[in-house]
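The values are calculated or read from the model by the stated rules, or taken from the named source; none is laboratory data. Computed from a prediction, not measured in an experiment: that's the story for all the values here. Reconstructed Cβ throughout: ideal geometry from the backbone, glycine too, with neighbour counts over all protein chains shown. Ligands, DNA and RNA are excluded from the accessible area calculation, which covers all protein heavy atoms including side chains. Shrake-Rupley method; radii C 1.70, N 1.55, O 1.52, S 1.80 Å.
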Amino acid sequence: MLCFYAQFIIIIIIIFFFFFMFKKNNKIINEGYLIYKSLLLQLTALITNAALKGKDSAALMKAIFRGSPISSTDGASRRLCVYKHCIPLCESGDLQTEVASDIIGLLMLETHVLPGPALAALASLFVDAIKVGEMGNGKSLELFPTILTALAAKEAIAYGKGELSGDEYKKQLINSLCASRWDPQCVIHLTTMFRDVPLSPEELQFLIEKVLRMFLKLDLQEIPPLIYQLLLLAAKGCKKLVLEGIIAYFREQDLHQKKESMDVEVQTIPQDQLRHVEGTAILHVVFAIRLDHELGKEFLKSLKVSQGQPLCPFSIALLLSVARIQHYQEQVFEFLKGAIIKNFKDEQFLHGSKLLQDLLPPCHSISQMILDTVKNSVFGWDHVTQSLVQLGFILMDSFGPKAGPFGKTIEAPTTAAKTPSQLACQLGGQVLLESFKMHEPIRGEILEQVLNRLVTKTASPVTHFIELLSNIVMSAPMILLESSSKVTETFDQLSFLPLSTVQGLLKAVQPLLKVSMSLKDALILVLRKAMFSSQLDGRKSAVSGFLLLLKNFRVLGSLAPSQCSQALTSSQVQADVHSRYNSAANESFCLEILSSLRRCLGQQADVRLMLYEGFHDVLRRNSQLASSIMHTLLSQLKRYYEPEQDLLPPMKLESCISAQGDQVFLQEPLAHLFSCTVHCLLWHQSLGENARGGMDDEDDEEEDEGGFQDELHAILESVTRRMIKSELEDFELDKSADFSMTTSVGVKNSIYAVLVMGVYEVLMEYNFTIGNYSKNRFEEILELFKRYQKLTEILREKSGKGRTPHSKPPRSLLSMGFVSTLLTALFRDSAQSHEESLSVLRSSGEFMRYSVNVALQKVQQLEETGHTDGPEGQSPDKAFRYLCDITSVLMWRYTNIPSAVEDTGKKEKTQSISLLCLEVLLRVFSTVLQQYPSKVSNFLCSLEVEEEAEKDSLTEKTAFYIRQFQRSLFSQLSGSEEDFNSKEAQLLVSILSLLAGLLEPSSQQFVQFITWTVKICKETSFEDIPFSRGLLSLLFSLHVLYKSPVSVLWEMCQDIHSALGDIDEVLYQTYYSTCIHHCRICTELLVLSQVGRVLDEVDWLIAKKKGQSTSEKTASEGATQPAGQQDPVEKAVTLQLGTLLTALNELVQTALPTGACTDTLLRELGRTYSILTTLLKYVRVTYSSVKLSGSHLTPQCYCFITYVQAKIIRQTKAIPSLIYNIEQYEKFLILLSKKSKVNLMQYMKLSTSRDFRINAATLQTAMQEQQESQQVRAPKKKRRKQ
């Protein structure tokens, strides 16, 4: 019925049409047209009604199309009318989805038969509708690709007054569409639509750029679906553009979010919403990469190439998500490792050069971006967390401390990371720590991997993993208890681990032991088993673990650790009851451990030594164990003490050694036993004296404690008295004794000597501490020292004659706190009541020199290991306080009593006290900068007496001390050359170099210091090579932070040229007198090293310039561009190279001594030409650099090569390499000249020198000699023929 009705209407329309054709009356024609239009409206209304009612509208439209043949004008017109009506009808949103889909599907089937004008009209209809924003639904856009495809197939389409091919017409439409304004609501629909449109590469790029620009106009929630459609569109091409656009958008959003986070009131986009959108976008990109590996390759390639665009948290998260695809995992992590280490190196490079800081902005911190990625991952980025864990462990494994010879760590322990590798390792630890805090599912894996590395990496240092474990425990101890079973499993391996690993592990997990009964019980069980281990390290690990437990499970009444060093009162003695243990349980627990440790007193010396070194710290932290510890030490001491007062010596040394066959071993470290006993006794005695006032009701306990105190004092007094009476012969250690390490007797005597020397030192500290500035006590100390000194001289003499002169003297057993007290008393104690007693010690220059030497030894140990021997040596805060005290004393001593005033030291071979003080000061400054970088300001404040010093800035404090050392150095240089002390001058320059690093380069103090240094370098003429090297190194290090040192290099090269001369013997004015005479070689090498540094900076700048943009200008364009339009980087490179070429021109004309100087110069010349070639390729070239290199440097290079070849017989690889680099430079100059039409070779002279060359004069002489010989031999040959 419906079809019949449609046909009926069509017939009526046709009748009216023929009627209009036969009537010529205009009135009739107009009326007929109106009727025709009315019928078309009825037709479209019929379609609308059918579609709205959900009836078979497709059948109606098929009938219309069947009754509208395309061959007739009317049929085409009716079809076009149907299309124009159905498109907005489907877009209106009033139709059901199925009905609209049927209509669009039918229209798509009939599109290919439409004539060109109709297709053009429909395409224009779509374009106009898009421009005005009438395509919000986007349903009808499914028809647009079909129309464009059909349009492109037409041969000719009317366009304006002419015609265009269908394909060209399509391009015009797309161009018009992409150039117009899009309604944000239709962006996603248009992007989806264009997937089905055939596009040329140019059209595709234009379209994608348009879509990427629309990102900023869309709501944040619409970004992920648009990215999904854009990635599908990228299958046609422009993959790099799509990825870079997505990353650039989120980079801008992150920066905008970071700025808004500072002001909550103006926040436009919630952070959680942005992070969830980013996470969804990452999932879309990763899904697309899984399906299209070309997209993944393009992604990695674009990141590697685009050095100018830094990474951002979004791109890092995207990389980490891509890393979960097995195919890209290794590539991603290698890229991230390289990017991280390069970023740290760039930051370090930039920080070390004022020139680079002025030219380039600060580097973007990749480490901060990675940490931001970790923070962002808390918003449901589960696809990133696993890769974050992998990245953290990769960084720690790759850049952690490496094992040196014999398994020792190469890098010295420091509190702050300095090198790029250390910073990368530290970053890995931070990533893992933050990931552990934020993500519960990966905590078990992180902990398991850390503990596995502690167990398996026994041959390499694991300090970085121990530090990570300690940070995890400190930040989240209760969370870690959830994985306590993994810690327990690790405890089972303690006896097989290195001692340092065991100590670090137990210290890290110590907070857990206080809150977990199961962990503590498991550890105790393991330690008890380890006590009977067959391995020495296993038993030492057990002792270390038990000592740690004793330190941290305090008994009721013990002092808190922070109170141990304070003056004690009765109110400070308080209970410390832990959350799960009462004091009674702790006491029984600690006494049980002490009974286990007593068994160690019968084991090897190393085990006993560890016990003696740990008892003092246990006593300070757990004072209620004093009675047990002191009785243990007393009973052990009695085993080696000779009770008969008339017998000498007072110790049974033969009991301290053991023999096995021909080998002799130390069995009892007697000196350390005495040291432990003395320090524990003195501390316990001071504790009792300070706390006695409030403990009158504990008389019995005091009597018990007083008993062992009196007995120990009596033993020590007796040992002191009898050690003074004893001669070395009593120990069988006279000058005739054998001390060689090749015989058992020599080994035994060496062990005896070390034990006796240690006892002497312990007794000196004991008597000084309890002496209360008694003159008799100090006389006894001096007597002990004389015997110590005599034994030391014998050992020094014997070791000098033997075959092992490299053997170092044993470490002093004096504690660092006592050394600080002793130096203060010797040098700064001006109390009248102490003057008489101290004069005894001050009268001995050897004793004062010994005291400073021990301080030097302690500071060196602290610098190298981060701790010292003796009590409180493991406490960084105590060590820092002692450093401040020692520095204050020695600083006063050196500045008030210069070395020139001292008579001793000149006549004797030993160093003067002032010189020793200066050496200690150098070590102290180096130690503070390395171990305590955050406390430098406090350190300098502690040295000043003025109260206003704390208000000064770090630069002002540093400048104060720099001025003091400047005066000392100036006084050295002001005297005659005979009075010049080279060692002192070197130490002063080294100290000034360290302190100069604390000055702010932009400060007035820095400018004054560098001006003074330049003046000293120019006016000093002492012929001292080490001093000159240090002074010039200081000058260059300052210039690098102030401005580029190339001008100084030029002047020094002129000095070297003037000093050494050349073929023409032309002399120049000298600038720096230290470059003259015997300092030539060191100066030349130092200058050449600075040349290398300047070349490094230029090379780095060129690399940065290459990476700033992917579209670099060609070299020919750079050659024709005026120099005035150069950017700052190019200008700086040109100036640096120009001055450097002039300086090198001086050196290649100089008659340098062959060897290291000429080899280094040839290498740096080769690098210079290599950099010039790179400059031609990627950066603009200037005529000045070409002229300098061509007319000045290159000819002299060949002369210098000839000079070197004439001086040396051996072949050097540097010469062929230099010639090759020169020829490559000339080759690119020729190519550039042809491209730019500028004759750049007018300044160049063709190369004549090669690895081999023909000397014309020599060749002519040889040929003449050959001709003469032939003329002489010719008659003889004729006679032979006859």
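Okay, here's what the table says:
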quantity: In Hz, Karplus ³J(HN,Hα) per residue of the stretch 868-876 (6.51, -1.76, 1.60; θ = phi - 60°; x = Gly, Pro); calculated: 10, 6, x, x, 6, x, 8, 8, x
quantity: For peptides 964-976, 764-776, 1029-1041, sequence by mean Cβ density within 10 Å, most packed first; calculated: 1029-1041, 764-776, 964-976
quantity: Projected label distance in nm at Thr73 and Lys375, using a 7 Å step from Cα toward the beta-carbon; calculated: 7.3
quantity: Extended-chain gain in nm, criterion 0.36 nm per residue less alpha-carbon gap, Ser124 and Arg324; calculated: 67.3 nm
quantity: Solvent-accessible area of His364 with every protein chain in place, 1.4 Å probe, in Å² to the nearest 10; calculated: 110
quantity: Which of Met61, Met848, Met741 is most accessible, then next, and so on - probe 1.4 Å; calculated: Met741, Met848, Met61
quantity: Residues in the stretch 337-365 that a label on Ser398 would reach, taking backbone N under 14 Å of a point 7 Å out along Cα→Cβ; calculated: 337-345
quantity: Area of Asp492 that stays accessible when all protein chains are in place (1.4 Å probe, Å², to 10); calculated: 90
quantity: Glu592/Asn776 FRET efficiency (R0 60 Å; Cβ-Cβ; nearest 0.05); calculated: 0.85
quantity: Karplus-derived HN-Hα couplings along the stretch 314-321 (A = 6.51, B = -1.76, C = 1.60, θ = phi - 60°), whole Hz, x at Gly and Pro; calculated: 5, 5, 5, 5, 5, 4, 5, 6
quantity: Long pairs among Lys735/Lys983; Lys735/Lys786; Lys259/Lys297, criterion Cα-Cα beyond 27 Å; calculated: Lys735/Lys983; Lys259/Lys297
quantity: Full-stretch length increase - Gln1205, Gln1224 - with 0.36 nm per residue and alpha-carbon distance subtracted; calculated: 4.6 nm
quantity: The stretch 417-535 - percent of accessible surface contributed by carbon and sulfur, probe 1.4 Å; calculated: 53
quantity: By average C-beta atoms within 10 angstrom, highest first, the peptides 456-463, 1199-1206; calculated: 1199-1206, 456-463
quantity: Sulfur and carbon atoms: percent of accessible area, the stretch 734-875 [1.4 Å]; calculated: 49
quantity: Using a Förster distance of 56 Å, the FRET efficiency for Ser1184-Ala476 (Cβ separation, nearest 0.05); calculated: 0.35
quantity: Burial order of peptide ranges 879-887, 1224-1232 (average beta-carbon count within 10 Å, highest first); calculated: 879-887, 1224-1232
quantity: Spin-label pair Arg528/Thr1261, simplified geometry with 7 Å Cα→Cβ offset, distance in nm; calculated: 9.6
quantity: Largest to smallest accessible area among Asp254, Asp397, Asp646 [probe 1.4 Å]; calculated: Asp646, Asp397, Asp254
quantity: Label-point separation, Lys486 to Ser365 (7 Å along Cα→Cβ), nm; calculated: 2.9
quantity: Relative compactness, the stretch 818-898, computed as alpha-carbon Rg over 2.2 N^0.38 Å; calculated: 1.15
quantity: Fully extended contour minus Cα-Cα distance, from Thr824 to Thr1011, at 0.36 nm per residue; calculated: 63.7 nm
quantity: Between the stretch 1185-1232 and the stretch 593-623, the Cα center-to-center distance that results, in Å; calculated: 70
quantity: Per-residue HN-Hα couplings for the stretch 368-385 [Karplus 6.51, -1.76, 1.60; θ = phi - 60°; Hz; x = Gly/Pro]; calculated: 5, 5, 5, 5, 5, 4, 4, 5, 5, 5, 5, 8, x, 8, 5, 6, 10, 4
quantity: Per-residue SASA entry for Trp683, accessible area with 1.4 Å probe, Å² rounded to 10; calculated: 20
quantity: Residues Gln172 and Glu98, FRET efficiency given R0 of 30 Å [Cβ-Cβ distance, rounded to 0.05]; calculated: 0.25
quantity: Greater than 27 Å apart at Cα, pairs in Lys725/Lys878; Lys354/Lys1106; Lys375/Lys514; Lys652/Lys775; Lys1043/Lys1105; calculated: Lys725/Lys878; Lys375/Lys514; Lys652/Lys775
quantity: Listed residues Lys798, Lys258 arranged by accessible area, highest first, probe 1.4 Å; calculated: Lys258, Lys798
